[in-house]
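K.L.:
Pasting a structure here, questions to come.
The values are calculated or read from the model by the stated rules, or taken from the named source; none is laboratory data. Computed from a predicted model, the values in this text were never measured in an experiment. As a convention, Cβ positions derive from the backbone with ideal geometry for all residues, glycine included, and neighbour counts pool all protein chains shown.
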Amino acid sequence: MKKLIIGLAIVIVGGGLFIFLQKGGGSGANETASTPALQNSATGQVVEIDMTAKQWEFIPSVITVNQGDLVRITATSIDVPHGFALPEFNVSEYLPPGQPVTFEFVADKKGTFTFFCNVACGQGHSQMRGTLIVQ
């Protein structure tokens, strides 16, 4: 039974890593999105957010910005590898423990959007979510 559980864990982590690498990983995955974001941000403010990722939450878990704002997030995992995904804005980042990762996007759509951890990080992984509100 123990071997089955260990084997299952390896398959889950390996599958998550495969998906992560297929999507471009965290290094440079947003390079194409960054250039248009900087051009479109003239209508809004630059909103800088320091975020902490830890099992199994993001702090802050709710971010409110205005449409047109350039949102720049510096996220740091303080325990294990995590991810930050916000599909509606083409954001997918890998957050290694103890290493701040900065990424940005233009909040060019109004609405309420869910961001989440996209790296298997343990038992509470599926509940590791937050909310972006664009007014």
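K.L.:
What's the number of the condition residue 78 fails, among (1) within 13 Å of the chain's Cα centre (by Cα); (2) over 22 Å from residue 45 (Cα atoms)?
P.N.:
(1)
K.L.:
With respect to residue 131, determine if the residue is closer than 18 Å to residue 49 by Cβ and either free of Cβ contacts under 8 Å to residues at least 60 places away in the same chain or touching a Leu at 6+ places or on another chain (Cβ under 9 Å) (or both).
P.N.:
no
K.L.:
Against the conditions (1) of a type outside the set (Phe, Trp, Tyr); (2) touching a Pro at 6+ places or on another chain (Cβ under 6 Å); (3) crowded, with 17+ Cβ neighbours inside 10 Å, where does residue 63 fall short? Just the number, please.
P.N.:
So the condition that residue 63 fails would be (2).
Here is a yes/no grid of residues against (1) of a type in the set (S, T, N, Q); (2) in contact with a Leu (Cβ under 6 Å, 6 or more places away or on another chain):
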{"site": "72", "(1), (2)": "no, no"}
{"site": "90", "(1), (2)": "yes, no"}
{"site": "98", "(1), (2)": "no, no"}
{"site": "110", "(1), (2)": "no, no"}
{"site": "115", "(1), (2)": "no, yes"}
{"site": "118", "(1), (2)": "yes, no"}
{"site": "126", "(1), (2)": "yes, no"}
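K.L.:
Tell me which of these residue 68 doesn't satisfy, since it passes every other one: (1) of a type outside the set (Lys, Arg); (2) surrounded by fewer than 21 Cβ atoms within 10 Å (Cβ to Cβ); (3) in a strand (DSSP E or B).
P.N.:
(3)
K.L.:
So, in the stretch 116-132, of the ones that are out of contact with any Cys (no Cβ under 8 Å at 6 or more places or on another chain) and among the hydrophobic types (A, V, I, L, M, F, W, C), which residue ends up surrounded by the fewest Cβ atoms within 10 Å (Cβ to Cβ)?
P.N.:
Result: 116.
K.L.:
Within the set of pairs 6 or more residues apart or between chains, which connect a residue that is of a type in the set (Asp, Glu) and outside any loop (DSSP other than H, G, I, E, B) inside the stretch 95-116 to a residue that is surrounded by 12 or more Cβ atoms within 10 Å (Cβ to Cβ) and at pLDDT below 95 with Cβ atoms less than 9 Å apart?
P.N.:
104/30; 104/33; 104/34; 104/37; 104/38; 104/41
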